[in-house]
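The values are calculated or read from the model by the stated rules, or taken from the named source; none is laboratory data. In this text, all values refer to a predicted model and were calculated from it rather than measured experimentally. Glycine also receives a Cβ, built like all others from the backbone with ideal geometry; neighbour counts cover every protein chain displayed. Calculation scope for accessible area: heavy atoms of the full protein, side chains included, ligands and nucleic acids excluded. Shrake-Rupley method; radii C 1.70, N 1.55, O 1.52, S 1.80 Å.
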Amino acid sequence: MKTLLLALFLFTSAVHAQYPAKPVRVVVGYAAGSSTDIVGRVMADRLSAHWKQSVYVETRAGAAGNLAADAVAKAAGDGYTLLFAQNGLAISAAALPNLPFRAETDLVPLAPVAATPHILIVANEFPAKSVPELVKKAQAEKGALSFASSGVGNSDHLCAELFNLTAAIQAVHVPYKGGAPAATDVIAGRISYYFAGMPVGLPLAKSGRVRALGVTSKQRFAGAPDIPTLAEQGLPEY
């Protein structure tokens, strides 16, 4: 499950009552076209219309979103620099003790914005047409397949690792700076499979550019009821 949230630098002075009195910067830590970037830009447009003030998105991709988080943590504490993050921020805080910032003290969570399951996608030319067929291929070719992520420790990475563990398969992890470049390499056949964020993976599946094998939620996703869950396809504990 990918959770997207809005956070800001912990400011030491009160924000003016007429906030925002100037343009607001929203920093996204993933490549343009990634799930976080897509939802972040929709949110920025809505905020701009609501506030009648410019709200612009700045992409600062890399290090599983931590480059952006560090930049926002070190920004001026005036409330005009926001971070649009996903739950990889919490994962990093737990797994990487030497980060140059502390999410729990340097950032203040403002609001959850969206939550969706991930969608398992493969290239149209990939021979597996279902999760059992993908598992069978991976078991027959130990370590030969590859899977993408938008960064080490992000939710799509952990979805894939859980899948590999549950299905008892091995594959090579290839991290990217966002979901869009990861999906691009899936389409091209350079990556075997990817647990894409729904804003990236579902449009590609609906347009026929990739094949969707399953979703990670316990129940089918309302926006794509024809795509079965992984639990339905021989992995009941997923």
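For Arg25, indicate whether it is assigned to a helix (DSSP H, G or I) and open to solvent by 40 Å² or more (accessible area, probe 1.4 Å). Considered against the rule, which asks whether it is assigned to a helix (DSSP H, G or I) and open to solvent by 40 Å² or more (accessible area, probe 1.4 Å), Arg25 comes out as no. The set of residues in the range 104-155 being aliphatic (A, V, I, L, M) and over 23 Å from the mean Cα position of the chain (by Cα) consists of Ala128, Val135, Ala138, Ala140, Ala144.
Filtering the range 49-96 to residues that are more than 16 Å from Leu110 (Cβ to Cβ) and polar (S, T, N, Q) leaves Gln53, Ser54, Thr59, Asn66, Ser92.
Beta carbons closer than 7 Å, at least 6 apart along the sequence or on distinct chains, pair a first residue in the range 47-73 that is over 12 Å from Ala103 (Cα atoms) with a second that is assigned to a helix (DSSP H, G or I) and among the acidic types (Asp, Glu) for Thr59/Asp37. Taking residues in the range 158-173 that are closer than 21 Å to Ala94 by Cβ, and partners anywhere that are open to solvent by 80 Å² or more (accessible area, probe 1.4 Å), the pairs with Cβ atoms closer than 9 Å and at least 6 places apart or on different chains are Cys159/Met1; Asn164/Gln170; His173/Val152. For the range 57-71, a residue qualifies if it is closer than 15 Å to Gly33 by Cα and open to solvent by 70 Å² or more (accessible area, probe 1.4 Å), and exactly one does: Arg60. Please find, within the range 209-230, the residue that is nearest to Asp185 (Cα to Cα) out of those that are in a strand (DSSP E or B) and not polar (S, T, N, Q). So, considering only residues that are in a strand (DSSP E or B) and not polar (S, T, N, Q), the one nearest to Asp185 (Cα to Cα) is Val210. Considering only the range 72-79, I want to know if a residue exists there that is open to solvent by less than 20 Å² (accessible area, probe 1.4 Å) and either within 20 Å of the chain's Cα centre (by Cα) or of a type in the set (D, E, K, R) (or both). Checked against the condition, which is being open to solvent by less than 20 Å² (accessible area, probe 1.4 Å) and either within 20 Å of the chain's Cα centre (by Cα) or of a type in the set (D, E, K, R) (or both), the range 72-79 yields at least one hit.
Table: residues versus (1) in contact with a strand residue (DSSP E or B) (Cβ under 6 Å, 6 or more places away or on another chain); (2) closer than 28 Å to Arg41 by Cβ; (3) open to solvent by less than 30 Å² (accessible area, probe 1.4 Å).
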| position | (1), (2), (3) |
| --- | --- |
| Asn164 | no, no, yes |
| Ala182 | yes, yes, yes |
| Ala231 | no, no, yes |
| Pro236 | no, no, no |
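When the residues of the range 190-216 are filtered to those that are over 15 Å from Ala171 (Cβ atoms), small (Gly, Ala, Ser) and modelled with pLDDT of 95 or more, the one that is most open to solvent (accessible area, probe 1.4 Å) is Ser207.
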